[in-house]
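Undergrad: To start, I am sharing the structure in question, which I have written as structure tokens.
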4 protein chains.
Amino acid sequence: MIRFDSDYLEGAHPKILKKIVETNYEQTPGYSDDIYTHSAILKIKKLCKKDNIDVHILSGGTQMNLVAISSALKPYQGVICADTGHINVHEAGAIEATGHKVIIIKNENGKITNKSIEELMKDYLNDGAYEHMVIPKMVFISFPTECGTNYTKNELQRIYETCKKYGLYLYIDGARLGYGLMSKDTDVNTLEEISNLCDMFYIGGTKCGALFGEALVIINDELKIDFRHNIKQRGSLLAKGRMLGIQFDVLMDNNLYFNICKQAVDLAMKLKKSLFNKGYKLLYDSYSNQQFVIINNVKLKELEKEFTFFKWKIIDENNTAVRICTSWATTEENVDKLIQKL
Amino acid sequence: MIRFDSDYLEGAHPKILKKIVETNYEQTPGYSDDIYTHSAILKIKKLCKKDNIDVHILSGGTQMNLVAISSALKPYQGVICADTGHINVHEAGAIEATGHKVIIIKNENGKITNKSIEELMKDYLNDGAYEHMVIPKMVFISFPTECGTNYTKNELQRIYETCKKYGLYLYIDGARLGYGLMSKDTDVNTLEEISNLCDMFYIGGTKCGALFGEALVIINDELKIDFRHNIKQRGSLLAKGRMLGIQFDVLMDNNLYFNICKQAVDLAMKLKKSLFNKGYKLLYDSYSNQQFVIINNVKLKELEKEFTFFKWKIIDENNTAVRICTSWATTEENVDKLIQKL
Amino acid sequence: MIRFDSDYLEGAHPKILKKIVETNYEQTPGYSDDIYTHSAILKIKKLCKKDNIDVHILSGGTQMNLVAISSALKPYQGVICADTGHINVHEAGAIEATGHKVIIIKNENGKITNKSIEELMKDYLNDGAYEHMVIPKMVFISFPTECGTNYTKNELQRIYETCKKYGLYLYIDGARLGYGLMSKDTDVNTLEEISNLCDMFYIGGTKCGALFGEALVIINDELKIDFRHNIKQRGSLLAKGRMLGIQFDVLMDNNLYFNICKQAVDLAMKLKKSLFNKGYKLLYDSYSNQQFVIINNVKLKELEKEFTFFKWKIIDENNTAVRICTSWATTEENVDKLIQKL
Amino acid sequence: MIRFDSDYLEGAHPKILKKIVETNYEQTPGYSDDIYTHSAILKIKKLCKKDNIDVHILSGGTQMNLVAISSALKPYQGVICADTGHINVHEAGAIEATGHKVIIIKNENGKITNKSIEELMKDYLNDGAYEHMVIPKMVFISFPTECGTNYTKNELQRIYETCKKYGLYLYIDGARLGYGLMSKDTDVNTLEEISNLCDMFYIGGTKCGALFGEALVIINDELKIDFRHNIKQRGSLLAKGRMLGIQFDVLMDNNLYFNICKQAVDLAMKLKKSLFNKGYKLLYDSYSNQQFVIINNVKLKELEKEFTFFKWKIIDENNTAVRICTSWATTEENVDKLIQKL
């Protein structure tokens, strides 16, 4: 069985494992105060071309979102996001469990716009009973989105300006950041560029070559205060924090992170082209490592003898939309096998 | 200035004040364990024609909703409601502050249907990652709705059956219950009828003749457990609980609650008819004490010299929708004055 | 039966009821934006001799504590209090339910000292893993304490200075503030004095002559921000807020609040003297309206034929400590009856 | 520098790394639904000699405690623990952040007794206002305790019986379980034995040979319901869950977990004997891998040129208590070097 259902099917890039094995008997202080974490942070700062940013590496995405968002908001403040946003759909109410409302905006191909944020803020401010409403205080977007689409530099700039206008923090979920930065539908292609366009974002590791781990970059000083206390309180401070440090130290070295993500995106584009040529309908026009394809149920059953996909959505009685993912570990050979059978 | 902006502008029905004054020097135990509360509860049980229900009287509506909902749900469970629902819009995130997601369904004139609940549940159960989603466990509806509309017996029955089918509790917010039960667009007209059609509902006092106070009726045994601990924890256990008991003891006596609400609804209908005749456009077809009227801004300014309304919504540059409320305290004289000026 | 178990057994001072009845048909805006609340706030500001304070009137004490404390603290911050403190014992975990730890200090007759706060802060700061601890950020004390004792001006000053030294807010629970200010064991006797010695305190109404209601005074600017949003979110914003305003407008007028509290304290002192003369042992040396007396169980049973007390503590097989309360409504006649039977 | 400050200084037992490397390119489903996790669970069931238990492997201890405790309790219920308990001191208020009070009992050498639990429950039930108190619903103990001491079978049995008598769940934090089971001051020495004496416990991996990971064993059916939803909501569901499964699959194989913990305990006992012979005073009489020694500050400074310890407590001006930890990775050579310098 060849699996395409997600980008977290295998272990880690071999360079990561090599470094973990090499350093196994070294003694380091716990809780991310070790040389590997320090080195990883330094590399991220260099890539962002910023010195005064804070970097914290946590184990997973939901964990990251709940720690970062609950840390920034007062009890009566909420976070704006697309109705398709991960925190609204597939995090089991993690944000609400920290006491905060997720205020939704209808998505357009997984994205929201500065205009829709502006409208929401005007409605809030014009409401006769705005004191009885949650104060919107943060905008959450995913890069790439849950639909595989990306924001252009211009779109992000306008969103960020709107955020500043209304006193909103802009937070970018980068669970698949590497794949997004390597996509052809955006001109935001480096950590430096994305770090100029928001208050806080994270660099996804789990889905981009690490065993686990996500690196939060805090640009806005207001969001830095006492952050480690919050990490600890939410159960997200790993005792052997160096495990996180080592992985990002390797990934951020010599462009490894970007190279392996580019390779996955290239394979996804090869698959997309083939799907297009064979007349398959795509649910979204994705240029990242996730492709969303509508497949006839009879055909799907046949394919599922050899391949696995993630069932995304029932389209109608006869058709299903599935998600096909490539990753840093996907081989061209396996993609070709799939193409052949499609 | 004659005020029509809400139904909580005056004090209380004079019979309530009389009883408060009469009993002022009596000594009673605190925390709702007094003869007046006991008597009020007995009257509510009789009106519901049910003996095995629990009744708790709290001070206000948001308080009631947050206590009732947080008491019923486990951390990872959420409550379904219309996008226009009070808990979704105008309670400042009170439900989320107790850790629970408000899962929204698009309203139709303030209402939701059994079909829309069914669809939501199917989407949830069919989701490939349903374990990563909030479990829907309760449906919240308002009777009457925030738009003044009401559910018919048939609509409620179908909703309740759908709830039972999917293991959802049905909870009815009756902040304006009296006005709803007296409305011509529903055949649910008594406490007994509504108590047969849900797991839990509350009888609104604040907006229906009391100084303050709402009486929760719990029909489903599962929802009764340790409820007073929860009331206390949320800061909702009034020391001089008899104040709540006295008010409901008077309101539930000799049909007072229903009579004063009917009178308010009758005046609202007189106003509605006049609005209709004069060609005003109504935002919703309400048969309860709240009317939502679109008024030209020039005309509105003129009217606001003598009357106050609640600004509901900006329709366009030239028109505004306002809410006009009658209450137990509204006089026909004042309604006539308004009609004259419209 | 003559009840002495608490100070919330009767309704309200007759002047309050008179004003409620007189104003019943006036139409006022909701949510505490009415002339009576405005007037009450002005009077409180005058009594505090401070212009730049914020005043918010809420319905009850637990409600007040949870709103005030959760509003001031970040998620990973906690509140220090005596092990006997109301928020630690008898509020059903209301503070923890908002996410915050109550950090306890062993009481001395219901009080804590600047020294014990200093020790706690040193232990925190010296802990090798202080980042894994809740950050103490507020001190909570009751005035008078749950044991009826009071802080002197000097004690309060030293506590407040220690708080400032360590960046802690000082918050005073004044559920029985009037009785405390009228007690002979303290030289803090006015609202002005207490408002000089803390960041935030509340003036209890429920137990001091009102039907219900507590007035929060916020002196520290940091604690004022967006406070009404928080009140609303916790379900504590009363629709007919004028009910709260009217009561404090009357109580703060012409020294009524202080006079009725003094009268209750005087009667308690008469009782205390008599208890002392008859050889009863007191649990605490209280000079406020609450007296804690150890009574032989046989004697107690006999007394309970005519009087009620609150059972405070089982002392041993043969003796029980009971709380005897006077209030604004207690008559000298009833106190004399009790004295006679003791 | 030779480090003795904790038992999480190195990576993982080499057999674990070997298996991680070997399986790196296998494709497995995410979120702990993989063959390695299934195999690890089976082995744990066999060691517990129980078929109907649930096992969930999470990343860390604080995470485990907050997920397990918040999953078991209703909002107004709390968890009893020793004042020295990890959840009370060094988890940054993680339990309170989920809304629950930690109710403390004074420890005796890190332990609590059935008697102290019984007393607390009697005080609760006898309180005149017990409805205004948090309901105690769970007892939390650590095995071994934070002071390195252990409960005997008899002590645990009596605690468990007391818990059952009062309807309390018994939950055991086994962050260092392996070291505890191998200690000479207890006759609880197997997973089977501990699984007979509580409702829920966890097997610590992070401090006992794993890179990270703790395995929760749920014995009581009531605590099993919807547990994965709760894991997800708290951000504790690892995407590449197999990383947790592989580690426990190796540790639970062929007694590895117990053997490496025994070796660490043996070295700690060698150290303890030597400390005793040299006249050092120990803070607690620990038979596990943690030793708490009082050292003169001059001597300490000298030792710190070559070794690191965790500063536990300032004893007086001249003396400090330090924690010295051995682990699965500690060599006899390094222990001998330390002994020589002591």
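Undergrad: Among A:E192, A:E26, A:E222, determine the one that fluctuates most according to a GNM of chain A built with springs between C-alpha atoms less than 10 Å apart.
TA: Maximum among the listed residues: A:E26.
Undergrad: Using alpha carbons only, how many angstrom separate the centre of region B:265-322 from the centre of region A:245-295?
TA: Answer, in whole Å: 55.
Undergrad: For C:152-160, what's the mean count of beta carbons from other chains sitting within 10 Å of each residue's beta carbon?
TA: The shielding value for this peptide is 0.
Undergrad: Also, I was wondering about something else. What is the packing order of peptides A:295-305, A:226-236, taking the mean over residues of other C-beta atoms within 10 Å and listing the highest first?
TA: A:226-236, A:295-305
Undergrad: Please sort A:43-52, B:129-138, C:195-204, A:254-263 by packing, taking for each peptide the average over its residues of neighbouring beta carbons within 10 angstrom, highest first.
TA: For the peptides A:43-52, B:129-138, C:195-204, A:254-263, the packing ranking is C:195-204, B:129-138, A:254-263, A:43-52.
Undergrad: Given B:V217, B:L47, B:I80, which one lies farthest toward the positive end of the charge dipole of region B:14-251, if we put +1 on the Cβ of every Lys and Arg and -1 on the Cβ of every Asp and Glu?
TA: B:L47
Undergrad: With N set to the number of residues, divide the alpha-carbon radius of gyration of region B:1-116 by 2.2 N^0.38 Å and report two decimals.
TA: Region B:1-116 yields a ratio of 1.39.
Undergrad: Which ³J(HN,Hα) values, rounded to whole Hz and listed in residue order, are derived for region C:112-127 from phi using the Karplus coefficients 6.51, -1.76 and 1.60 in 6.51 cos²θ - 1.76 cosθ + 1.60 with θ = phi - 60°, glycine and proline given as x?
TA: Going residue by residue, I get 10, 10, 4, 5, 5, 5, 4, 4, 4, 5, 5, 4, 4, 5, 7, 5 Hz, with x marking Gly and Pro.
Undergrad: Rg and Dmax of region C:141-257, using alpha carbons, in Å: what are they?
TA: 14.8, 41
Undergrad: According to a simple spin-label model (label point 7 Å from Cα along Cα-to-Cβ), what is the distance in nm between C:I2 and B:K184?
TA: Each label point lies 7 Å from its Cα, and together they span 6.1 nm.
Undergrad: Compute from the Cα atoms of region A:267-326 the Rg and the Dmax, the latter being the longest Cα-Cα distance, and quote both in angstrom.
TA: According to the Cα coordinates of region A:267-326, Rg and Dmax are 10.8, 31 Å.
Undergrad: Let me ask something else. B:K101's amide H: which non-local residues (gap 5+, or another chain) put their own amide H closer than 5 Å, with H modeled 1.01 Å from N in plane and none for Pro or chain starts?
TA: HN-HN under 5 Å from B:K101: B:V79.
Undergrad: While we're looking at this one, here's another question. Within 10 Å of each residue's Cβ, count the other Cβ atoms and sort B:T98, D:T331, B:T84 from fewest upward.
TA: Lowest count first: D:T331, B:T84, B:T98.
Undergrad: With both bridge residues required to lie in region D:14-251, what share of the DSSP beta bridges run antiparallel, to the nearest 5%?
TA: Just about 40 percent of them are antiparallel.
Undergrad: Additional query: Any idea what % of Cα-Cα pairs in region B:14-251 are farther than 32 Å?
TA: Cα-Cα pairs of region B:14-251 separated by over 32 Å account for 18 percent.
Undergrad: Now for a different question. If you count the DSSP beta bridges with both ends in region D:140-219, what percent of them are antiparallel, to the nearest 5?
TA: For region D:140-219, the DSSP antiparallel bridge percentage is about 50.
Undergrad: Can you put A:T113, D:T186, B:T37 in order, fewest other beta carbons within 10 Å first?
TA: By the 10 Å Cβ count, ascending, the order reads A:T113, D:T186, B:T37.
Undergrad: In a Gaussian network model over chain B where Cα atoms closer than 10 Å are linked, find which of B:Q247, B:Q27, B:Q157 has the largest mean-square fluctuation.
TA: Judging by the Gaussian network model, the answer is B:Q27.
Undergrad: Next question, about the same structure. Please give the charge dipole size of the protein assembly as shown, origin at the Cα centre, charges +1 on K and R Cβ atoms and -1 on D and E Cβ atoms. Round to the nearest 20 debye.
TA: Its charge dipole is roughly 0 debye.
Undergrad: Now, a different point. Of the candidates B:A82, B:A92, B:A210, which one comes out as most mobile in a Gaussian network treatment of chain B with C-alpha springs shorter than 10 Å?
TA: B:A92
Undergrad: Okay, moving on. Sequence-distant or interchain residues sharing an amide H contact under 5 Å with C:D173, placed H: which?
TA: Under 5 Å from the amide H of C:D173 lie the amide H atoms of C:I141, C:S142, C:F143, each far enough along the sequence or on another chain.
Undergrad: Taking the Cα centre of chain A as the origin, how large is its charge dipole in debye, to the nearest 20, when only Lys and Arg (+1) and Asp and Glu (-1) carry charge on their Cβ atoms?
TA: 520
Undergrad: Next question, about the same structure. Provide the FRET efficiency to the nearest 0.05 for the D:N296-D:E332 pair, computing r from the beta carbons and using R0 = 22 Å.
TA: Result of the calculation: an efficiency of 0.25.
Undergrad: Oh, and also: Give the chain A residue with the shortest beta-carbon distance to the rotation axis relating chain A to chain C, plus that distance as a whole number of Å.
TA: Residue and rounded Å distance to the axis: A:G99, 3.
Undergrad: Let me ask something additional. For the pair C:E108 and D:Q157, how long in nm is the line joining their label points, each one 7 Å along Cα→Cβ?
TA: That separation, rounded to one decimal, is 4.6 nm.
Undergrad: How many nm separate the modelled label positions at A:N220 and A:E22, each set 7 Å beyond the Cα in the direction of the Cβ?
TA: Using points 7 Å along Cα→Cβ, the separation is 3.9 nm.
Undergrad: Per residue of region A:277-294, in order, report the coupling 6.51 cos²θ - 1.76 cosθ + 1.60 (Karplus, θ = phi - 60°) as ³J(HN,Hα) in whole Hz, putting x for Gly and Pro.
TA: 4, 7, x, 5, 8, 9, 6, 10, 8, 8, 10, 9, 7, 10, 10, 10, 10, 8
Undergrad: Same structure, new question: Viscosity 1.306 mPa s, temperature 10 °C: what is the translational diffusion coefficient of the protein assembly as shown from Stokes-Einstein with a Kirkwood Rh over Cα pairs, rounded to a whole number of µm²/s?
TA: 47
Undergrad: Can you pull the mean other chain C-beta count within 10 Å for peptide B:69-75?
TA: 5
Undergrad: Just checking the output field for D:2-12: average partner chain Cβ neighbours within 10 Å of each residue's Cβ?
TA: Partner-chain Cβ atoms within 10 Å, mean over residues of D:2-12: 6.
Undergrad: If you project the alpha carbons of region B:218-342 onto their three principal axes, what span does each projection cover, largest first, in Å?
TA: Per principal axis, max minus min of the Cα coordinates gives 54, 35, 28 Å.
Undergrad: Could I ask something else about it? How long are the three semi-axes of the equivalent ellipsoid of region B:233-283, in whole Å, if each is the root of 5 times an eigenvalue of the C-alpha gyration tensor, listed from largest down?
TA: Ellipsoid half-lengths, sorted descending, are 37, 17, 5 Å.
Undergrad: Cut-off 16 Å, label point 7 angstrom out along Cα-to-Cβ of A:D253: give me the residues of region A:1-31 whose amide nitrogen falls inside.
TA: A:12-26
Undergrad: For region B:49-57, just list the computed ³J(HN,Hα) in residue order, Karplus coefficients 6.51, -1.76 and 1.60, θ = phi - 60°, integers in Hz, with x standing in for Gly and Pro.
TA: My calculation for region B:49-57 gives 6, 9, 9, 9, 10, 9, 10, 10, 9 Hz in order.
Undergrad: List the distances, in nm and shortest first, from the label point of D:E333 to the matching label points in every other copy, placing each point 7 Å from Cα along the Cα-to-Cβ direction.
TA: 4.3, 9.5, 10.3
Undergrad: I would also like to ask the following. Can you list residues whose amide H is under 5 Å from C:F307's amide H, if they're 5+ apart or on another chain and H is modeled 1.01 Å from N?
TA: Sorted by chain and number, the residues that satisfy this are C:I2.
Only the coordinates and a few stated rules stand behind these numbers; no lab work does. Predicted, not measured: the structure shown is a model, and the values here were computed from it. Every residue, glycine among them, receives a Cβ derived from its backbone with ideal geometry; neighbour counts consider all protein chains shown.
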